[in-house]
Amino acid sequence: MPTSTQKLKPILMKKLIVLVLGIGFFISPLYKKVVHASTIIPRTIFNLDNHPAESKIQIALLLDTSNSMDGLIDQAKSQLWKMVNELASAERNGHVPQIELALYHYGNSNLSGETYFIERKAGLTKDLDLVSEKLFSLSTNGGNEYCGAVIKTSLKELDWSNSPKDLKLMIIAGNEPFDQGPVDFRNFCSEAKSSGIQINTIFCGDYNTGKSIGWMEGANIAEGKYLNIDQDQKVIHINTPYDRQIIDLNIRLNKTYIGYGHLGKEKMSLQNSQDINANSYGAANMRSRAAVKAKKSYNNASWDLVDAVEENESILDDSVQMPPMMQSMNKEERADYIKLKKSERDQIQKEILALEKKARAFEEKERAKMEGSEKTLDNVLIEAVKSQAVKKKFEFQK
């Protein structure tokens, strides 16, 4: 005679079968949805090797704007585009890196003591016109210069890359003792090093004086370079026979930009105003800015349709985003118009770069005739940054 346990086994088996069938019935449509969803995911998600992550060169400029620093700020304004132009010629494995700049100023008595007399003018951004605008807005006024505090602030606030392959730099310039203020620079120079961020220190004055008051120590801790400049030395701009042609081409280049969305009009105006700022320091400086604008690093996809369509053609579907002259066009007409402007831009950029190569050769010959070398911001900084970039496997076009 079967026991009670033996009687229960068939019942339990039937219930188990029903449960399994029920779960299968419930999961089946979900499984179909998952499979269906996977078929419509863009291939780029799975083919990451075909779309390598964009490499970056990130540089935070930390500039002393106390009373005695007029010469430093003037050199920075006059040489920004020359320095960016050098970086814009970098490549790694055939890819052009994304250049991101940030700008802080410190030591200005117009700033709040609660923030240690520090102000961020621009976070890390590829909007180079914005950085230029903020740089040209700087003025000097007496204050307390706290190097440790501004290093800490930029280290904590900025969106630094996590990739060890990217070049990440802080460039701090000033003329007071490096250990001035309540924040110990050693702690945050060490933290920067741990995050793969190098710190180049630029003392505005005698080399040995800067060395004796901590500027070299800060650079050494963060595996950067210690440099010194004469902030009162006037930068020598060498004009070339090609500058006028390049400037004229830059005017034509601006006409290929098509502002869209809520930023379009404002950013086109900003582009023009930064041309004016660059030109205020002479034709040679404007030549450098035009050369940057002719390279891939100068990308304005956030407001220019030509650059935006390169990244995502679907923007042309949105009539609201279009400038007034393109709102009545259909998508095909818009695409044709963008192709026309792109073709014009490519040709103008090609001409600018060909002329710039000739201008650089002319300038190098003229500089070779001069005695000694200038201890100005661009001269000491460009070679230092390029050597650091080379160690990150970047190469520079000649």
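Here are some notes:
- Condition check for residue 291: more than 20 Å from residue 380 (Cβ to Cβ), at pLDDT 95 or above and of a type outside the set (Ser, Thr, Tyr): yes
- Being small (Gly, Ala, Ser), in contact (Cβ under 8 Å) with a residue 24 or more places away in the chain, over 12 Å from residue 81 (Cβ atoms) and assigned to a helix (DSSP H, G or I) holds for only one residue in 291, 278, 308, 284, and it is 308.
- Residue in the range 327-341 that is surrounded by 12 or more Cβ atoms within 10 Å (Cβ to Cβ) and not in a helix (DSSP H, G or I) present: yes
- Qualifying residue in the range 156-170 (condition: under 30 Å from residue 327 (Cα atoms), among the small types (Gly, Ala, Ser) and surrounded by fewer than 20 Cβ atoms within 10 Å (Cβ to Cβ)): no
- Residue within the range 312-321 that is loosely packed, with under 13 Cβ neighbours inside 10 Å, without any contact (Cβ under 8 Å) to a residue 24 or more places away in the chain and within 16 Å of residue 83 (Cα to Cα) present: no
- Test: residue in the range 355-377 that is among the charged types (D, E, K, R), under 13 Å from residue 57 (Cβ atoms) and in contact with a strand residue (DSSP E or B) (Cβ under 8 Å, 6 or more places away or on another chain): no
- Annotation note: Cβ proximity below 6 Å between a residue of the range 113-124 that is over 17 Å from residue 138 (Cβ atoms) and a residue that is among the charged types (D, E, K, R) and surrounded by 20 or more Cβ atoms within 10 Å (Cβ to Cβ) (sequence gap 6+ or interchain) occurs for 124/100.
- Within the range 141-166, tally of residues that are in contact with a Phe, Trp or Tyr (Cβ under 7 Å, 6 or more places away or on another chain) and not polar (S, T, N, Q): 10
- Pair list, Cβ under 7 Å, 6 or more apart: the range 70-88 residue under 15 Å from residue 356 (Cα atoms), other residue part of a helix (DSSP H, G or I) and of a type in the set (Gly, Ala, Ser): 81/278; 81/288; 82/288; 85/288; 85/291
- All positions within the range 228-248 that are crowded, with 20+ Cβ neighbours inside 10 Å, modelled with pLDDT of 95 or more and among the aliphatic types (A, V, I, L, M): 246
- Failed item, numbered, when residue 384 is tested on (1) surrounded by 12 or more Cβ atoms within 10 Å (Cβ to Cβ); (2) touching a helix residue (DSSP H, G or I) at 6+ places or on another chain (Cβ under 7 Å): (2)
- Selection from the range 255-274 of residues that are surrounded by fewer than 18 Cβ atoms within 10 Å (Cβ to Cβ) and among the basic types (Lys, Arg): 255, 265
- The range 198-213, residues that are farther than 20 Å from residue 168 by Cβ and either buried (at least 22 other Cβ atoms within 10 Å of the Cβ) or not small (Gly, Ala, Ser) (or both): 203, 204, 206, 207, 208, 209, 210, 211, 213
- Selection within the range 252-269 - in a helix (DSSP H, G or I) and not charged (D, E, K, R): 253, 254, 264, 268, 269
- Exclusive hit being assigned to a helix (DSSP H, G or I), farther than 26 Å from residue 255 by Cα and either modelled with pLDDT of 90 or more or not assigned by TED's automatic domain parsing to the domain that holds residue 313 (or both), set 356, 366, 344, 351: 366
The values are calculated or read from the model by the stated rules, or taken from the named source; none is laboratory data. In this text the structure is predicted, and so the values were computed from the model without any measurement. Every residue, glycine among them, receives a Cβ derived from its backbone with ideal geometry; neighbour counts consider all protein chains shown.
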